[in-house]
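Peer 1: My questions will all concern the structure given below.
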Amino acid sequence: MSASTRRIVDPAVPAPEPRPQRTTTARPLSIALLLLAVAVLIRCHDFGNPVIHVDEQFYLLVGDRMLHGALPYVDIWDRKPVGLFLIFAAIRLLPGDGILAYQLVATLFAAGTALLVERGARRLGASRGAALVAAIAYLLWLPLLSGRGGQSPVFYNLFMTAAAVLTLRLPELAARGAGRGAARAIVVNGAATCFLAGLAIQTKYTPAVEGSFFGVAHLWYLRRAGGKWPVIGLAALLWVMLAIVPTAAVVLDYARRGPAVFQAFWFSNFASITLRKGYPAAKIAARMAGNIGQMSPFLLCTIVSWRMRPWTAEKTLAFGWLGAALVAFAMIGAFFDHYVLPLVAPFAILAAPVLDRYRFATPALFVVGLGLFVARVPIRPVDAAGVRTVAAVMRATSAGGCPYVFAGDSILYHLARTCLPTTRVFPSTLVYEPERGASGIDEVAEVRRILAGAPPVIVTLDTPFAEWNRQTLGLVETALRRDYRPVLAVPREAGHMIVYLRQGRRFHAPAS
């Protein structure tokens, strides 16, 4: 034994003090807190704004009315799954009127999804820095695509990205070698993945495409891990059951309420979408051009990522996820910008290795992202104050009747705390041409019925958000000329929201 060796083992020589070890949770916790801070910074200018988007204000209205006994599709109509409305109903249990609460909860969901993007990027071999940049880019791009508040993908992206990160573990699980241990791990991993996909499906139905891809990927890796065909069959059955459990629970709940209620549920969720009219080709082309322009940095990174080597199994799975998400995006066909939101997470994860390899890519990404943010996202939502003023007028002048928001914002019913004149309170259902004939009722007859009830207040727009349904518009314009007078106009996007008061009713000016 040498002198140096003897010195090492000599008990008389004090051993060096061990270096303090960081806890395994320190780094993930610090990343999570950073991403939460970034999410708040990006989204805080909209906190309290009741009219970020027409969709999410309606979700809040439905969630609130559910707590007061309303049944979706029967008492208040829409096509979205019940799970989405349950999220907003749960949010309404928090203090306040629900507007700030849903925006804060949505911020938590966005930050959580960004953390999963960071985890997914690390699975693709990106460095911590590049993975963090990809996660921040996810947060930055949400508001560029109408994801500033509580659009449904802001919530279900958390479930789908978690399912995707679990799917990216498959090569690691299969690498344990054929045998019961690897197969068991894949079965458990698949169970968690498919249940998460099931939660997303009850928030919107299009994630079923991505969930199907995740299930097939698990079956492939289970076979590679040596799973026998009976085991594969039982695993597939288990995974399918877990994926449909949330939706099956809703179906059974509506079925037990009787045939008429179940028929309303079935039509709203699965039949009505096929009746909605398409949009003009020019409008579709313009939307697609806008979507491609805003996503161009991610598209370029994805093309480069496709060409980069080495090509790993995780990369194959990530591209498979993106492909499934693109199919789901194309299925609806309307191509609104918020339909792109489910694509941001897979695009960001696939961009991370490119950001890692090319140093100029990160500053270029943020220059484009911040430029689009400044150009497209209003920092001062000027419409918010006007909508609250309209709600105050509705509340003060609607005693003894239900006001009617013909065109405008459904959140007015919530802010004014008034009754609803129709089950079709999402304004576009009775107002705009693409929805004509798709709501399960005669829209003209329904508007005629509402007007026959002499609503004390009617709210409309001088500049519509979409093409007017000329038949229902004609009915309302005739009633306004004959029985109403305009008492208030406030700015709303490119035009104005106008409040009409029924003749004989006294106008109560809102307190300043």
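Peer 1: So Val367 ticks every box in (1) touching a residue at least 12 places away in the same chain (Cβ under 8 Å); (2) within 21 Å of Pro143 (Cα to Cα); (3) in a helix (DSSP H, G or I) but one. Which box is left unticked?
Peer 2: Val367 satisfies all of (1) touching a residue at least 12 places away in the same chain (Cβ under 8 Å); (2) within 21 Å of Pro143 (Cα to Cα); (3) in a helix (DSSP H, G or I) except (1).
Peer 1: Report yes if some residue within region 86-98 is under 21 Å from Ser428 (Cβ atoms) and touching a residue at least 40 places away in the same chain (Cβ under 8 Å); otherwise report no.
Peer 2: Looking for residues that are under 21 Å from Ser428 (Cβ atoms) and touching a residue at least 40 places away in the same chain (Cβ under 8 Å), one finds at least one in region 86-98, hence yes.
Peer 1: Taking the conditions exactly as written (of a type outside the set (Phe, Trp, Tyr), in a loop (DSSP other than H, G, I, E, B) and buried (at least 16 other Cβ atoms within 10 Å of the Cβ)), does Ala509 satisfy them or not?
Peer 2: No.
Peer 1: Could you tell me which residue of region 32-50 is surrounded by the most Cβ atoms within 10 Å (Cβ to Cβ), considering only residues that are in a helix (DSSP H, G or I) and not aliphatic (A, V, I, L, M)? Outline the logic, then answer.
Peer 2: Within region 32-50, the subset in a helix (DSSP H, G or I) is 32-46.
Next cut, not aliphatic (A, V, I, L, M) only: 43-46.
On the way: Arg43: 24, Cys44: 12, His45: 15, Asp46: 21.
Selected residue: Arg43.
Peer 1: Pick out the one residue from Gly215, Gly233 that is in a helix (DSSP H, G or I) and loosely packed, with under 14 Cβ neighbours inside 10 Å.
Peer 2: None of the others qualify; the one that does is Gly233.
Peer 1: Let me ask something additional. In region 469-506, how many are among the small types (Gly, Ala, Ser), in a loop (DSSP other than H, G, I, E, B) and surrounded by 13 or more Cβ atoms within 10 Å (Cβ to Cβ)?
Peer 2: 0
Peer 1: Among the residues of region 256-277, is there at least one that is part of a helix (DSSP H, G or I), under 30 Å from Phe465 (Cα atoms), without any contact (Cβ under 8 Å) to a residue 24 or more places away in the chain and among the polar types (S, T, N, Q)?
Peer 2: Yes: region 256-277 contains one or more residues that are part of a helix (DSSP H, G or I), under 30 Å from Phe465 (Cα atoms), without any contact (Cβ under 8 Å) to a residue 24 or more places away in the chain and among the polar types (S, T, N, Q).
Peer 1: Would you check which residues across region 389-435 are among the basic types (Lys, Arg) and out of contact with any Asp or Glu (no Cβ under 8 Å at 6 or more places or on another chain) and list them?
Peer 2: Matches in region 389-435: Arg395, Arg417.
Peer 1: Got a sec? Which of Ala286, Ala282 is more than 22 Å from Arg148 (Cα to Cα), more than 19 Å from the chain's Cα centre (by Cα) and of a type in the set (A, V, I, L, M)?
Peer 2: Details: Ala286 fails: more than 22 Å from Arg148 (Cα to Cα).
Every option except Ala282 fails the conditions.
Peer 1: If only one of Val390, Val340, Val344, Val354 is of a type in the set (Val, Ile, Thr), part of a helix (DSSP H, G or I), crowded, with 18+ Cβ neighbours inside 10 Å and assigned by TED's automatic domain parsing to the domain that holds Leu451, which one is it?
Peer 2: Working: Val340 fails: assigned by TED's automatic domain parsing to the domain that holds Leu451; Val344 fails: assigned by TED's automatic domain parsing to the domain that holds Leu451; Val354 fails: assigned by TED's automatic domain parsing to the domain that holds Leu451.
After applying the criteria, what remains is Val390.
Peer 1: Something else: Regarding region 147-159, can at least one residue be identified that is closer than 15 Å to Gly320 by Cβ, aromatic (Phe, Trp, Tyr), at pLDDT 95 or above and crowded, with 24+ Cβ neighbours inside 10 Å?
Peer 2: Within region 147-159, none of the residues are closer than 15 Å to Gly320 by Cβ, aromatic (Phe, Trp, Tyr), at pLDDT 95 or above and crowded, with 24+ Cβ neighbours inside 10 Å.
Peer 1: Which ones in region 463-502 are modelled with pLDDT under 95 and either of a type in the set (D, E, K, R) or assigned by TED's automatic domain parsing to the domain that holds Ile284 (or both)?
Peer 2: Answer for region 463-502, where residues must be modelled with pLDDT under 95 and either of a type in the set (D, E, K, R) or assigned by TED's automatic domain parsing to the domain that holds Ile284 (or both): Glu467, Arg492, Glu493.
Peer 1: Only residues that are β-branched (Val, Ile, Thr), under 18 Å from Ile411 (Cβ atoms) and not in a helix (DSSP H, G or I): list them for region 51-84, please. Working first, answer last.
Peer 2: Just the residues of region 51-84 that are β-branched (Val, Ile, Thr), to begin with: 51-52, 54, 62, 74, 76, 82.
Those still in the list that are under 18 Å from Ile411 (Cβ atoms) too: 51-52, 54, 62, 76.
Residues satisfying the conditions are Val51, Ile52, Ile76.
Peer 1: Quick one: would you say Ile441 is crowded, with 18+ Cβ neighbours inside 10 Å and among the β-branched types (Val, Ile, Thr)?
Peer 2: The answer is no for Ile441.
The values are calculated or read from the model by the stated rules, or taken from the named source; none is laboratory data. Quantities reported herein were computed from a predicted structural model and do not represent experimental measurements. A quick note on method: Cβ atoms are made from the backbone with ideal geometry, for glycine too, and the neighbour counts reach across all protein chains shown.
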